[in-house]
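Notes follow the structure.
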Amino acid sequence: MKLRGLYAITDSTLLAGKFLPYVEAALEGGVTLLQYRDKSGDDARRLREAEALRELCERYGTRLIINDDAELAARLGVGVHLGQTDGPLSPTRALLGPKAIIGSTCHAQLDLAEQAVNEGASYVAFGRFFNSSTKPGAPSCSLGLLDEARRTLHLPVCAIGGITLDNAAPLVAHGADLLAVVHGLFGAESTAEVTRRARAFNELFKS
Ligand SMILES: Cc1ncc(COP(=O)(O)OP(=O)(O)O)c(N)n1
Ligand SMILES: Cc1nc(C(=O)O)sc1CCOP(=O)(O)O
Ligand SMILES: [Mg+2]
């Protein structure tokens with residue numbers, strides 16, 4: 001499967017009270033990867049929600065990724081996204097198997113990306129590119145890094161951080177294969193608007 005297009009990421013606070021309808025609206029518009037990102041320690045709820053997302057993703061042919069938690073990903077038979085402090089990649093690849101999608105946060109550092117490639121990552125993520133209300137403290141990253149990543153890495157490149165329909169096009173032009181978006185997708189006023197935004201993000205990959 002080609003990892004290219006919209007990478008929707010859930011946010012438990014933003015989606016409170018509308019979690020599944022909003023996610024389904026995004027899937028309706030087209031989502032290449034869906035990440036379940038929940039920073040609470042409520043394991044029972046996390047398992048319940050992740051199982052519901054797996055079922056939705058199966059229906060829409062979307063691949064599910066669990067943020068931070070390789071054990072939960074293994075339990076559900078889905079992929080995982082790991083930050084620099086979320087555990088080592090190589091044992092996670094051994095745990096999840098060769099076909100699992102494993103993503104790695106590389107901030108603005110190509111050396112981290114090269115290491116992730118060597119340790120079995122499926123894609124590398126750079127960010128944040130713009131101001132992010134979801135994660136305001138994330139280190140910032142420039143478009144030039146995407147050019148360099150495109151030239152030197154042979155792996156899908158994901159861009160994240162403050163991405164909206166108004167600022168996304170240059171990221172694709174500079175080589176981003178995946179646009180990872182929370183607020184710019186799920187901050188919409190209605191499910192119809194979530195679907196419209198998802199479709200519009202996908203259009204950026206067609207030109
Ligand atoms: C696609 C994608 N890229 C980066 C991140 C950030 O991961 P991390 O640095 O571990 O921070 P948290 O998301 O865990 O707060 C991500 N989740 N997804
Ligand atoms: C989870 C996350 N990681 C980032 C990084 O730069 O590593 S930015 C970010 C938040 C993405 O949410 P939004 O699209 O609302 O800005
Ligand atoms: Mg993390």
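Mind listing whichever residues of the range 70-109 are touching a residue at least 24 places away in the same chain (Cβ under 8 Å), closer than 20 Å to residue 161 by Cα and buried (at least 16 other Cβ atoms within 10 Å of the Cβ)?
81, 103, 105, 107, 108
Restricting attention to the range 170-194, which residues are open to solvent by 20 Å² or more (accessible area, probe 1.4 Å), part of a helix (DSSP H, G or I) and either more than 21 Å from residue 103 (Cα to Cα) or without any contact (Cβ under 8 Å) to a residue 12 or more places away in the chain (or both)?
170, 173, 191, 192, 193
Going by what's in this entry, would residue 56 be described as more than 16 Å from ligand 2 (Cβ to nearest atom) and out of contact with any Ser or Thr (no Cβ under 9 Å at 6 or more places or on another chain)?
Spelling it out, it is not the case that residue 56 is more than 16 Å from ligand 2 (Cβ to nearest atom) and out of contact with any Ser or Thr (no Cβ under 9 Å at 6 or more places or on another chain).
May I ask you to list the residues in the range 8-39 that are open to solvent by 20 Å² or more (accessible area, probe 1.4 Å) and within 12 Å of ligand 2 (Cβ to nearest atom)?
11, 13, 14, 37, 39, listed by residue number.
Could you tell me whether any residue of the range 102-125 is in contact with a Phe, Trp or Tyr (Cβ under 8 Å, 6 or more places away or on another chain), part of a helix (DSSP H, G or I) and not charged (D, E, K, R)?
yes
The values are calculated or read from the model by the stated rules, or taken from the named source; none is laboratory data. As the structure is a prediction and not an experimental result, all values here were calculated from the model. Positions of Cβ are backbone-derived with ideal geometry, glycine not excepted, and every protein chain shown enters the neighbour counts. Accessible surface areas use protein heavy atoms only, side chains included; no ligands, DNA or RNA. Shrake-Rupley method; radii C 1.70, N 1.55, O 1.52, S 1.80 Å.
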